Amino acid sequence: MLGYVLKRVGHLVIVIWIIITITFAMMHAIPGGPFDSERYVAEEIRAHIEARYRLDEPLYKQYLDYLWHVVQGDLGPSLTYEGRRVNDIIKDGFPKSALLGFISVLVSLLVGVPIGVYSALKHNRWQDHTVMLMAIVGVSVPSFILATLLVYYFGLKLQWLPAAGWGSVQQIVLPALALSGFSLAFITRLTRASMLDVMGQDYIRTAQAKGVAQGVILFRHALKNAILPVVTYLGPLIAAVFTGSFVVEKIFSIPGLGQFFVTSVANRDYTVILGVTVFYGTLLVTMNILVDLVYMFLDPRIVFHKQD
Amino acid sequence: MAEISLWRSAARRLCRNPMAVVGGCIVLFLIGAAIFGPWISPYSYYENDYEHTNEGPSWSHWFGTDYLGRDQLTRVLYGARISLAVGVVASLISVVIGVTFGGIAGYVGGRTDAVMMRIVDIFYGIPLILFVILLMVVFQPGLKNIFLALGFTYWLAMARIVRGQVLSLKAQDFVMAERALGASHTRIIFRHIISNTLGPIIVTLTLSIPEAIFAESFLSYIGLGVSAPLASWGTLAADATSGIRAYPYMLFFPAAAISISMLAFNFLGDGLRDALDPRHIR
């Protein structure tokens, strides 16, 4: 068990190192990139960059230096915003994105799992077909389209909820819905499929045969096992929510990290792009590994075939 | 002989699945519209008509016109060319890479396999779209770079599937028998392994097309897609967003096109999976 944990943590370190190395390589490969003297950059920032990245040193020294800074959690200065560091930008924007993402994940789980279970219980009846149809539509509509439609209908036409902004509870509703649409539908499908699978197994029939109450079978016997695939999907789910938030935050004018990232892409603010990539990459890979570890605790069978 | 009946029975199963048939028909229709649509249309995708800007759908412009008076239907049809081309070409690139990588890992096995799959494991945890964004920023937006960026990032799933398939096939009796009869590696690989892996490959390919279309529209949306006056569905949707209050119909058509094509390819892919793998029960 401990060996497995250590192995995964080692894995994590390697992945983060690879992400940092790739971003470094790309930063130097960009034509007209941050270190190109042709590019116009404010004097103060240029001086900063030259001091910070030690452009007069040989490449490997620059690399080690960069690595050392990132390991210490210093992602460097922004190219377009004078006097701002990538760290400040992340510190500013990420809490908002994280809150929005957290709510979206929560909504997907709290709505998706019950609907999936319900659909499985009504297998092949009209309720099941309706849910599945909506779930298929849900996974086919990209989040930015869903977001725009929500803004249009509920924000502009019906004026039920604010169409943009950040700060009040009402302002979170629409972006959270837009962001959770895809994962909600996906989790519904996943829960339904795995619930159907579990409900067909022998131990459920045994429980039914010995007269265990239907509710107890459902929650204590079936759901406990049926939820496992949903747990494995949590890693990709979190990743999907955060990358989805790039456009959703832009559409709803939420001053989160996602919107900032998109703006930086438009401005070609390379240090911010790379810094945020390193940050999100590290975050999501860590999440993935945490999810794997949680899964291992939930499902004791998993440990037996760790050896591969 | 056995092979023909396998494919034929798969085709029969596919035709009995109404969702897959509908999906397949829509896919064919979209491809047809993408190829022939722009020819038939009396308008071009780049011609401005300042007399008729921002018009709603009408008899002369079925989908209306945009802020430069360009015919939206024609632009959506051209968008279909670009979006579908991205879906297909990017998926094909990823199939070639994934099949080669996974095939070698599975067939050679041993330490090579362990090292190669460890590489896949490592990249698997990283959200791929971040990589694609990074690549597009570095190598400048454009159609060719989208093909390459998506193709070179999205092959991991394919590699895993093919490797698993090859590993299990390699150990089966008929391959063993063939080897005992003195068949060469080339014969075993092409005659037995690849032909038996084709099913999962086709399924994964079909399901990766909508993924690529989605990724492309996402990239276009954040301004990393094809450049004007060319437009993919994602670009059209992004353009429409700024005028959503006054001209909601402009978003409707590209958005519907993206969603319908995703739906159709997903239906078709799911149907193919059920048809090609009879043991797989839903």
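Within the stretch A:257-283, being touching a residue at least 24 places away in the same chain (Cβ under 8 Å), crowded, with 21+ Cβ neighbours inside 10 Å and not β-branched (Val, Ile, Thr) holds for A:Leu257, A:Gly258, A:Gln259, A:Phe260, A:Ser264, A:Asp269, A:Tyr270, A:Leu274, A:Gly275, A:Phe279, A:Tyr280, A:Gly281.
Only residues that are open to solvent by 20 Å² or more (accessible area, probe 1.4 Å) and not hydrophobic (A, V, I, L, M, F, W, C) were counted in the stretch A:166-212, giving 16. Filtered by the rule that a residue be among the hydroxyl-bearing types (Ser, Thr, Tyr), closer than 29 Å to A:Val9 by Cβ and at the interface with chain B (Cβ under 9 Å from one of its Cβ atoms), the stretch A:260-285 gives A:Thr277, A:Tyr280.
Across the stretch A:124-155, the qualifying residues are those that are at the interface with another protein chain (Cβ under 10 Å from one of its Cβ atoms) and outside any helix (DSSP H, G or I), and the one among them that is surrounded by the most Cβ atoms within 10 Å (Cβ to Cβ) is A:Pro142. Selection over the stretch B:106-118 of residues that are surrounded by 15 or more Cβ atoms within 10 Å (Cβ to Cβ) and among the hydrophobic types (A, V, I, L, M, F, W, C) gives a count of 2. When each of B:Ala183, B:Ala264, B:Ala212, B:Ala257 is tested for being at the interface with chain A (Cβ under 10 Å from one of its Cβ atoms) and among the aliphatic types (A, V, I, L, M), the lone residue that passes is B:Ala264. Scoring A:Gly167 on the criteria (1) within 14 Å of chain B (Cβ to nearest Cβ); (2) outside any helix (DSSP H, G or I); (3) not acidic (Asp, Glu) leaves a single failure, condition (1). Listed by first and then second residue, the pairs linking a residue in the stretch B:144-173 that is under 16 Å from B:Ser217 (Cα atoms) to a residue that is in a loop (DSSP other than H, G, I, E, B), with Cβ atoms under 8 Å apart and 6 or more places separating them unless they lie on different chains, are B:Ile146/B:Gly225; B:Ile146/B:Val226.
Checking each residue in the stretch B:233-251 for being facing another protein chain (nearest Cβ under 9 Å) and under 24 Å from B:Gly32 (Cα atoms) picks out B:Gly234, B:Ala237, B:Leu251. When A:Val294 is tested against (1) under 20 Å from A:Leu6 (Cα atoms); (2) more than 9 Å from every other protein chain (Cβ to nearest Cβ); (3) under 19 Å from the mean Cα position of the chain (by Cα); (4) open to solvent by less than 50 Å² (accessible area, probe 1.4 Å), only condition (4) is not met. Within the stretch B:241-272, can you find the residues that are more than 30 Å from B:Ile202 (Cα to Cα) and free of Cβ contacts under 8 Å to residues at least 40 places away in the same chain? Matches in the stretch B:241-272: B:Thr241, B:Ser242, B:Ile244, B:Arg245, B:Pro248, B:Leu251, B:Phe252. What about A:Val247, is it at the interface with another protein chain (Cβ under 9 Å from one of its Cβ atoms), in contact (Cβ under 8 Å) with a residue 40 or more places away in the chain and surrounded by 21 or more Cβ atoms within 10 Å (Cβ to Cβ)? So A:Val247 passes the test. Looking across the stretch B:106-128, the residues that are away from every other protein chain (no Cβ under 13 Å) and in contact (Cβ under 8 Å) with a residue 60 or more places away in the chain come down to B:Gly106, B:Tyr107.
Of the helices (runs of 4 or more DSSP H) lying entirely inside the stretch B:190-282, the ones with 3 or more residues being more than 26 Å from A:Phe260 (Cβ to Cβ) and open to solvent by less than 10 Å² (accessible area, probe 1.4 Å) are found at B:195-221, B:249-276.
Quick check on the stretch B:129-143. Is at least one of its residues under 22 Å from B:Val96 (Cβ atoms), more than 14 Å from chain A (Cβ to nearest Cβ), surrounded by 22 or more Cβ atoms within 10 Å (Cβ to Cβ) and under 23 Å from the mean Cα position of the chain (by Cα)? No, there is no match, as no residue in the stretch B:129-143 is under 22 Å from B:Val96 (Cβ atoms), more than 14 Å from chain A (Cβ to nearest Cβ), surrounded by 22 or more Cβ atoms within 10 Å (Cβ to Cβ) and under 23 Å from the mean Cα position of the chain (by Cα). What residue, among those in the stretch A:1-53 that are exposed (fewer than 13 other Cβ atoms within 10 Å of the Cβ) and not in a helix (DSSP H, G or I), is modelled with the highest pLDDT? Here the residue is A:Met1. Residue selection: A:Val139 fails the criterion of being in contact with a helix residue (DSSP H, G or I) (Cβ under 9 Å, 6 or more places away or on another chain), touching a residue at least 24 places away in the same chain (Cβ under 8 Å), over 29 Å from B:Leu219 (Cα atoms) and among the aliphatic types (A, V, I, L, M). Look at (1) in contact with an Asp or Glu (Cβ under 8 Å, 6 or more places away or on another chain); (2) polar (S, T, N, Q); (3) modelled with pLDDT under 70 and you find that B:Ser60 fails only one, number (1).
A Cβ distance below 9 Å, combined with a sequence gap of six or more or placement on separate chains, defines the contacts here; from the stretch B:6-24, residues that are open to solvent by less than 90 Å² (accessible area, probe 1.4 Å) reach residues that are modelled with pLDDT of 80 or more and β-branched (Val, Ile, Thr) in the pairs B:Leu14/B:Val21; B:Met19/A:Ile136. Scanning the stretch A:58-79 for residues that are exposed (fewer than 11 other Cβ atoms within 10 Å of the Cβ) and acidic (Asp, Glu) turns up nothing.
Taking the stretch A:250-259 as the search range and keeping residues that are away from chain B (no Cβ under 11 Å) and either small (Gly, Ala, Ser) or on the phi > 0 side of the Ramachandran plot (or both), which one is nearest to the chain's Cα centre (by Cα)? Checking each candidate, the answer is A:Gly256. When A:Ile254, A:Ile238, A:Ile217 are checked against the criterion of being outside any helix (DSSP H, G or I) and either open to solvent by less than 40 Å² (accessible area, probe 1.4 Å) or modelled with pLDDT under 85 (or both), a single residue qualifies: A:Ile254.
The values are calculated or read from the model by the stated rules, or taken from the named source; none is laboratory data. Source: prediction; values computed, not measured. Please note: Cβ atoms are built from the backbone with ideal geometry, for glycine as well, and neighbour counts cover all protein chains shown. Quick note on the areas: whole protein, heavy atoms, side chains included, nothing else; ligands and nucleic acids left out. Shrake-Rupley method; radii C 1.70, N 1.55, O 1.52, S 1.80 Å.
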